[in-house]
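Only one structure is covered here, and it is reproduced in the block below.
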Amino acid sequence: MAEFLVKVYCPKCYTQINVKLSELHPGASIKCPKCGADVKFNKEDTKRVLEELGKIEDTIKTPEK
Ligand SMILES: [Zn+2]
C-alpha cells in the first residue's frame, strides 16, 4: 500500500512539512526541519486528515455514472 504524505505546517515559521500518514497520530510530534520547533498533532488535526482521506477513497471507489 502506498504511503500517504500529509502536509502540515509549522506553527512557528509556517514551513510546509510532509508527514507520513503512519507517523500522524494524536499526541505524536515531529520537529520542523527549518526552525526545530515541535509540531504536535492533536486529535482535531488527525481527524481532519482522516476525513480528507476518506473523501479521496470515496472518490476512487465510486464508479462514474
Ligand atoms: Zn518551523
Quiz item: Given the rule -39500 (n - 2.57) for each run of at least 4 DSSP H residues, summed and divided by the residues of the chain, what is its mean residue ellipticity at 222 nm, to the nearest 500 deg cm²/dmol?
Solution: -10000 deg cm²/dmol
Quiz item: By the scheme Lys and Arg +1, Asp and Glu -1, what is the net charge of all other residues having a beta-carbon under 14 Å from that of Leu5?
Solution: -1
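Could you give the length gained by full extension between Glu3 and Glu57, i.e. 0.36 nm per residue of separation minus their alpha carbon distance, to one decimal place?
Taking 0.36 nm per residue and subtracting the Cα distance, the gain is 18.1 nm.
Bear in mind that the values in this text are calculations on the coordinates, not laboratory data. Model, not experiment: these values are computed from the prediction. Heads up, the Cβs are rebuilt from the backbone with ideal geometry, glycines too, and the neighbour counts pull from every protein chain shown.
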